[in-house]
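Step one of this worksheet: look at the structure below.
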Amino acid sequence: MRIAVLGAGGFVGSHLVPRLAARPRTEIHAVYRSLGKLAGGLPGVRRIEADIAEPGLIDELTRKVDVVVSLTALCNPALYNTRPLDVIDASFTDLLPVVKMCASRGRWLVHFSTCEVYGREALDASGRPMRTMIEDETAMFLGPVHRERWSYAAAKQLLERVIWAHGTHAGLKHTIIRPFNVIGPRMDFIPGVDGDGIPRVLACFMHALMTGAPLLLVDGGRQRRSFLDVGEFVDAVARMLDQPRACQGEILNLGNPRNDLSIRQLARALADAYQALRPDAPAPRLETVSADAFYGAGYDDSAIRIPSIAKATRLLGWRPRLALAEILPGIVTDYLARYEGRAGAPALAAVGGRRAR
Ligand code: UGA
């Protein structure tokens, strides 16, 4: 199988490419602006440091490969209300040519969408609450347009619909994956060390822990997420590639419904994992911050999102097993190895930029 992985140097790509390279008879074209996070020397992997919008690149790739795995996006809620035009381009506009080329050349498009398409919480078609988010049943409940947080989810949802329409009306072979808060080593950045702005929640909390600053809970941290280990995630993707007939034309949630917890609980669990490795560090403190102060106007949030993984289990024989307490030590170790002693304190002013108060 010849596979192009777009976004191969990002967090998920850096785990997925080595996993796919271990499959027999697999050739991979690993594409990203920067492949620094991707291990070198992997057998059968051709490294291409380029932007997917580079003229001719998608044309060339779709001539050569059987499968295109598309991972590229700006996946960070701090950007959705501050750089919505870039977010929409990265999740929609830049990917339209990929969809069209895959359709016209008969390639299998494996597209990574997001659990954010379900919106604020799981509702059925009549607006009644559901416990889990089910791929082909749950409604999509986004906030109003001035709540720019939903620019990403809306762009991702529209691309799903474009892919689906190409599948139904133009013969595209496709699979859409909706990941639910996948976490693991090599995730994200620390502001002032290898990036700027506000990273994802784990990096925010690790930054605070490593510098003795308070862990900031946006609006009190009552919002909930279900966390999935990245190793289990890429295992599911590898299984999916082995089952083209069963998985083409399907939308699949990949998440761990048993790791559903509030962000406040996540902060406590991460602090525990950190203290186990650094018992002499200052005792972690949790503080509440308003969403406006932290992310700026236009932010909004998902209250709870628990995946139904019945379809993934049925089609892939896959079921995630790792509890959060088993996943966190590896993540803390990775952050310590990459950043300990290098990070300055995250003043809210530095983290939240001009909107902080
Ligand atoms: C993310 C991204 O929007 C998507 O790119 C991605 O597809 C999806 O989740 C996913 O991982 O599946 P979200 O979970 O809201 O969205 O982003 P995180 O940065 O992981 O934040 C989780 C929660 O923690 C949010 O409610 C946020 O307000 C809160 N938070 C974040 C804090 O309480 N404190 C912080 O310091 C940072």
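Kirkwood Rh over Cα pairs of the chain into Stokes-Einstein at 20 °C, 1.002 mPa s: D in µm²/s?
It comes out at roughly 103 µm²/s.
For Arg131 and Thr313 in one chain, what is 0.36 nm times their gap in residues minus the Cα-Cα distance, to one decimal in nm?
Length difference between fully extended and current span is 63.7 nm.
Among Gln248, Pro346, Thr333, whose Cα lies farthest out toward the positive end of the dipole of the chain, if unit charges sit on the beta carbon of Lys, Arg (+1) and Asp, Glu (-1)?
Of the options given, the answer is Gln248.
So what is the relative contact order for the stretch 70-143, in percent, with contacts set as C-alpha pairs under 8 Å and at least six apart?
Here the relative contact order equals 24 percent.
Full extension from Glu49 to Thr288: what is 0.36 nm times the residue separation minus their Cα-Cα distance, to one decimal in nm?
Using 0.36 nm per residue and subtracting the Cα-Cα distance, I get 82.0 nm.
If you place +1 on the Cβ of every Lys and Arg and -1 on the Cβ of every Asp and Glu, how big does the dipole about the Cα centre of the stretch 1-49 come out, in debye to the nearest 20?
That gives the stretch 1-49 a dipole magnitude of about 80 debye.
Running a GNM on the chain with Cα contacts under 10 Å, which residue among Gly143, Gly40, Gly249 ends up with the highest mean-square fluctuation?
The residue with the greatest mean-square fluctuation here is Gly40.
Answer with one residue from Val17, Pro279, Ile198: the one whose Cα lies farthest towards the positive end of the charge dipole of the chain, charges on Cβ with Lys, Arg +1 and Asp, Glu -1.
Result: Val17, furthest along the dipole toward the positive end.
May I ask for the angle, rounded to the nearest 10°, between helix 151-169 and the longest principal axis of the chain, with both axes built from Cα atoms and the value confined to 0 to 90°?
Between the helix axis and the principal axis of the chain, the angle is about 20 degrees.
Counting DSSP beta bridges with both partners in the chain, what percentage is antiparallel, nearest 5?
For the chain, the DSSP antiparallel bridge percentage is about 10.
Tell me, in nm to one decimal, what length is gained between Ala323 and Gln275 on full extension, where the rule is 0.36 nm per residue of separation less the Cα-Cα distance?
Length gained, Ala323 through Gln275: 15.4 nm.
Arranged by the count of other C-beta atoms within 10 angstrom, fewest first, what order do Thr211, Thr168, Thr138 take?
Least to most surrounded, the residues fall as Thr168, Thr211, Thr138.
If you rank Ser302, Ser70 by fewest surrounding Cβ atoms within 10 Å, what's the result?
Ser302, Ser70
Under 23 Å Cα-Cα from Lys100, which lysines qualify once same-chain neighbours fewer than 8 residues away are excluded?
In chain and number order, the partners are Lys64, Lys156, Lys173.
Taking the Cα centre of the stretch 94-148 as origin, sum charge times position over the Cβ atoms of Lys and Arg (+1) and Asp and Glu (-1), and report the length of that vector in debye to the nearest 20.
200 debye
Run the dipole for the chain about the Cα centre, Lys and Arg Cβ at +1, Asp and Glu Cβ at -1, nothing else charged, and hand back the magnitude in debye, nearest 20.
In total the dipole reaches around 520 debye.
Find the percent of Cα-Cα distances in the stretch 157-306 that exceed 24 Å, and round it to a whole number.
It works out to 47 percent of all Cα pairs.
Readers should treat all values here as calculations from the given coordinates under stated rules, not as data from a laboratory. Being a predicted model, the structure only gives us computed values, none of them experimental. Here Cβ is always computed from backbone atoms with ideal geometry, including for glycine, and neighbour counts include all displayed protein chains.
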